[in-house]
């Protein structure tokens, strides 16, 4: 089983989006900013949305999006955290 298959076999959770009652605004304070980013990323990752959004991106936009996500993961996670929390293959 490859890492992508293993990741999908483990339970994914998007509970925050269903419980969030906050402002959904950015620039007010750190807590609201963090909650807003969590809200956006969970909405962003919905399958139906991604199937429409991703094909509309230009090649350069796809690469830029990949690079920013990948660089943030490398900066803020150890190799083990990356595999256990993000890929869920450990």
### Query
Does the stretch 38-61 hold any residues that are surrounded by 12 or more Cβ atoms within 10 Å (Cβ to Cβ) and in a helix (DSSP H, G or I), and which are they?
38, 39, 40, 41, 42, 43
#### Entry: Matching residues in the stretch 5-32 - criterion: being loosely packed, with under 12 Cβ neighbours inside 10 Å, assigned to a helix (DSSP H, G or I) and at pLDDT below 70
5, 8, 9
### Summary
Output for Cβ contacts, cut-off 8 Å, separation at least six or different chains, first residue more than 17 Å from residue 45 (Cα to Cα) in the stretch 57-75, second part of a helix (DSSP H, G or I), reads 74/82
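The values are calculated or read from the model by the stated rules, or taken from the named source; none is laboratory data. What you see is a predicted model, and the numbers here were worked out from it, not measured in a lab. Glycine gets a Cβ as well: all are built from the backbone with ideal geometry, and neighbour counts include every protein chain shown.
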